[in-house]
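Working notes, beginning with the structure itself.
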Amino acid sequence: MADKLKTWWSQSKTWHHVLLGLGMVVFLFMFAIATVRIVNYGKILPGVSARGVDVGGLTKEQAIEKLNAKTSQYLNSDVSYILNGQATTLKPAQLGINFDNSEMVNRAFMVGRENDIITNIATQTALPFTKEDIMQINVDKENFSSSIIQFNSVSAKPSQNATYLIKDGKVEIISGKTGEKIDMGLAILGLTRQLSDLKSSINMPMNTVAPNRSNVLLERQLGYVKTITQKPITLSYGTKSWEITQQQLLDWLYIENQEKPYKEDLLNRYYRTPAQLSDFKIEKQNVVAFLNEIAKEINQEAVDATLTISDGRASVFKQSRDGKKLNIEKSADAVIAAAQSNSSSPVVLAVDVKKAAVSDENIDSLGIKELIGEGVSSFPGSTPQRLQNIRVGTSRYNGILLKPGQVFSFGEILGEVGPAQGYAESKVILDGRQEFQYGGGLCQVSSTIFRAALNAGLPILERTNHSFQVSYYTQPYGVPGVDATIYYPAVDFKFKNDTSKHILIQPEMLGTNLTFRLYGTKEKEGKIRGPFFNFGSLDPNAPSQTTFYRDVIVNGAVTKTDTFTTYYKSALDFPSSN
């Protein structure tokens, strides 16, 4: 019994020592943890680093200051980006890289504090042995991507498609070559990781780029291409001919559906992905572009015949010319068909012909068979320069043909007025003054045509009188008022051919007398009554007003009467510049 008691006591004593030892270990461990927490109160725990920079034992402010000094220096330092063994230097800040040190320090501070007490104790215990490195990097994606693309444009080696070549009249294949480009996906991941580690030299990953057009495709299509380009194609029209060379035919070939559309992601946005290649075809728009140049030699506007009155009837004074226009669509189809059939015959171009509206073939149908109206004026005392302008201006209206319903515009037909057109400087009325300009005296022409239109019974659409009386426009009436001034485009004279037939204008100038005759089919006539003074006299230095009437007569009966009242200012209100 005594031995058993002794044994029990001995065993109890041993367990007591064990429990006491364990208690001491736990106490010391807890004391160490507590000491660490007390010593590092308000500080980052030892063993924690941020982007490789030891921040353990530092307050947040101290850690941020330490990181700012390190990262600021790095962001503005030169970093070498190695592409194919060649270095390109650029600062990380230029790439759109930014280190969020405040966020990184906050995360570092929470290591060993952010979980439950057991997990936190475990983390704190392991930190001296395992370490904890916090990384936080912000990237401006647009700036970053643009920089990568710029790197690629400098260092990438584009692939070269296999192509055909005409040599000594025969088609040969030039082999394609592979290229290289930056692997965009790996570049983004790798750069982000390496920049986070503050490395000063970074390798850029490259990918091999296969050509879109391979030798295999060209070999498969070689027979077709040889057929297309076997010999030049001749185009013809009339006496003219043009040649499409073998090289041009080769250049016009294209491949349908050669490439897929862009994919809207960073990896593929700037690089096309090869697709299933189809057959070669002749690009029609290339043929059209070639034909457009030929059209410049073929196309011409239709020109009506110039008519004159001979023995009381209209005859052709100057022959007409039909209009021509190359039919691009039909001609392009014919060229492509000829190339594909390897025809040896010339391709006759399709040309659309537009007949002239007036020619010796249809002159009798125009209805120009009699005088329907005549206007006359005389201008004795005109200077040689004024006479020259009247003569040049009159020639612009010789043989003018008006279609039924057409409006005659004096200014549109007259065109430019200057020395290049043969005009001299003579006096005009402009902006309240009398001054010398090219074309002075052209109102004599417009006034004479005005009188012819009145006598033909044609409707007057636009007419402006002179500012003051001018003696040249008084005769043969003896009283002013039947005049029409022009200063195109501000002032124009217009009338309309409201007859059912064409009207031919035929002028004649003899000395200081001008006559305009209108020929057509006489469906009506005009008769002028007046002009009469309402007040004033033939004195141009005094204001005056006149009125005349134009009766339109059809089958002997007056169907309409037009009234034209004209007010003239004093010529003294318009001083002469000379």
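Every number here is computed from the coordinates shown, using simple stated rules; none is lab data. Every value quoted in this text rests on a predicted model; they were computed, and no experiment measured them. For neighbour counting, all protein chains shown are included, and Cβ atoms are generated from backbone atoms with ideal geometry for every residue, glycine included.
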Checklist entry - Which order results if Lys60, Lys167 are arranged by neighbouring Cβ count within 10 Å, fewest first? => result Lys167, Lys60
Checklist outcome for this item: By Cβ neighbour count within 10 Å, fewest first, Leu430, Leu291, Leu510, Leu45 rank Leu510, Leu430, Leu291, Leu45
Checklist outcome for this item: In this structure, the FRET efficiency calculated for Thr383 and Ser537 from their beta-carbon separation, with R0 = 30 Å, to the nearest 0.05, is 0.70
Item to check | Sequence of Thr394, Thr208 once ranked by neighbouring C-beta atoms within 10 Å, starting from the fewest | outcome: Thr208, Thr394
Next on the checklist: Modelling each spin label as a point 7 Å along the Cα-to-Cβ direction, I'd like the Thr89/Asn286 distance in nm, to one decimal.
Outcome noted: 4.7
Checklist entry - Hey, rough spin-label estimate for Gln475 and Leu430, points 7 angstrom out along Cα→Cβ, what's it come to in nanometres? => result 2.8
Next on the checklist: For a Förster distance of 56 Å, can you work out the FRET efficiency between the beta-carbons of Asn513 and Ala337, rounded to the nearest 0.05?
Outcome noted: 0.30
Checklist outcome for this item: Using alpha-carbon positions, the gyration tensor of segment 404-563 gives root eigenvalues a ≥ b ≥ c; with a/c under 1.5 called rounded, otherwise prolate if a/b exceeds b/c, else oblate, the class is oblate
